[in-house]
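The structure appears below as structure tokens.
The values are calculated or read from the model by the stated rules, or taken from the named source; none is laboratory data. Quick caveat, the model's predicted, so the values are computed rather than measured. Don't worry about glycine lacking a Cβ; one is built from the backbone with ideal geometry, like all the others, and counts go over all protein chains shown. To get the accessible areas, we keep the full protein, side chains included, count just its heavy atoms, and leave off ligands, DNA and RNA. Shrake-Rupley method; radii C 1.70, N 1.55, O 1.52, S 1.80 Å.
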Amino acid sequence: MTNAEFQAVVLAAGRGTRLPEVLGDAPKCLLPVGPYPLLWYPLNLLQQHNFSEVIVVVLEQEKLEIQSAMENTPLKLKLDYATIPGDSDFGTADSLRYIYDKIKSDFLVISCDLVSNVSLYPLINKFREHDASLALLLFPSGFEADVVMPGPKTKHKPERDVIGIHAATQRLAFVSAASDCEDTLNIQRHLLKNRGRLDVYSRLVDAHLYVLKKWVIDYLHRKENISTFKGEFLPHLIKKQHAKRPPKTVQDTTSEVGVVTKNEDHVLHYVPHTILDQKISQTSLFNQSLSHGPYHGDVVRCYAIQAPKDAFGVRVNNTLSFLAINRKLSGIWNDLCGESHPLISPGALVKSTQTKEIIAADNAKLSEKTSLNFSVFGPNCVINPKNIVNNSIIMSSAVVEEGCNIDNCIIGHRAQVKTGSVLKNCIIGPNYVVEEGTHSQAVHLSNADQYMEIDIQ
């Protein structure tokens, strides 16, 4: 039913600017999370909810690499890759505007970096019940709070939003970055008048999963000055919930003729609101209006659904969350994917007989005479004999030569660790070569700056 009613769009054109410690020139959406690329997880979530076709927005120069990677995963979805120019500085709203012609119905938008086991049906049903313009999903923050980064000591500054939700209706009142609120939060009077209790949250995370009306992208297509969805368009749309319809005519100052204007810059120009729509709202069991007009006369309506306590979700959009999801994946795997997807890919070559709670992606080569424990091995990585690897992430195409001891480290994309190296609590950047016999602890080694502190935003 969902596939017939909604289209689905996955935004996968992000450049991973907050993952420089490990990403290098690889697409962000192909970061190894357990045995699959990061992009696989939101696509699998959509597949679990009976979607059969998904539009995937990618950078033009990364399309072939991403397409090849996804063909090697057990997905049955039909993927329509929509490319955006690689030399553009597109935000998420720009990307949606760029694929405007592909959107023919109400639709879901989901970020490629979401990993979650949440059911989407409560969110979709809230959208349906109230003929909403937008419904979004929220998670409790703190998934990565108990994880300590290797490398130099750093202070993690999590992104935090301040979110206002009307308790009785789950209508969104406002969404604002905590950094914009300074010491006080001013709440406008009209947000409280006749609308019941307003709950304000500061420890909820926007999952970047939205259900949207078709007219919303029509309106966004017109608003060319808006570049980002979360930072600009979402607060803009929420404020428009209290918009009133402009007069249908204005007087022409150059003549005595009244001219009809379309008011194409006004949000309500795009909202279908026929007499039939009004009657449906008035008679709906969900309109929450026993003593006043349906929805206080609001025709733009935005809702928020909080994920249940037994669900989990994380956005893998920085190095700490990348580390956290890989560290915790074994413990949540069955809840996330079920038993049909093994943690050791059928395409991995595991010859080691001394392993404990490892995860291996396609074409990972783990040699004999190795001790491998509580670690994740990305696609095409190579672990040669006589190595010990504990509590570490070995990323795609990385190579560890013989006789190394690696403990609590991240070895970046295409990095090389030469023979006899001992690394503890280190981050090795992408394409970096650790020279033979290196002994290092609690450092970040990268080609950009050999010893570099990490500022995680």
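What the table shows:
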item: First in the stretch 303-321 and closer than 24 Å to GLY34 by Cα, second anywhere and aromatic (Phe, Trp, Tyr), Cβ under 6 Å, 6 or more apart; result: ALA307/PHE139; GLY313/PHE139; VAL314/PHE143; VAL316/PHE322
item: Residues of the stretch 408-429 classified as of a type outside the set (A, V, I, L, M) and either touching a Leu at 6+ places or on another chain (Cβ under 7 Å) or crowded, with 24+ Cβ neighbours inside 10 Å (or both), total; result: 5
item: Exclusive hit being within 23 Å of ASN318 (Cα to Cα), touching a residue at least 60 places away in the same chain (Cβ under 8 Å) and among the charged types (D, E, K, R), set ASP131, ASP113; result: ASP113
item: In the stretch 1-25, the residues that are open to solvent by 20 Å² or more (accessible area, probe 1.4 Å) and either out of contact with any strand residue (DSSP E or B) (no Cβ under 9 Å at 6 or more places or on another chain) or at pLDDT 95 or above (or both); result: MET1, ALA4, GLU5, GLN7, LEU11, THR17, ARG18, PRO20, GLY24, ASP25
item: Cross-chain or 6+ apart pairs with Cβ under 8 Å, the stretch 68-88 first and not assigned by TED's automatic domain parsing to the domain that holds TYR41 and assigned to a helix (DSSP H, G or I), then open to solvent by 30 Å² or more (accessible area, probe 1.4 Å) and aromatic (Phe, Trp, Tyr); result: none
item: Count - residues of the stretch 315-363 that are of a type in the set (A, V, I, L, M), open to solvent by less than 40 Å² (accessible area, probe 1.4 Å) and more than 23 Å from the chain's Cα centre (by Cα); result: 3
item: Residue match in the stretch 170-186 (condition: more than 30 Å from ILE428 (Cα to Cα), among the β-branched types (Val, Ile, Thr) and at pLDDT 90 or above); result: yes
item: Long-range neighbours under 7 Å by Cβ, at least six apart or interchain, first residue in the same structural domain as ALA167 (by TED's automatic domain parsing) and at positive phi within the stretch 192-203, second at pLDDT 70 or above and part of a strand (DSSP E or B); result: GLY196/HIS166
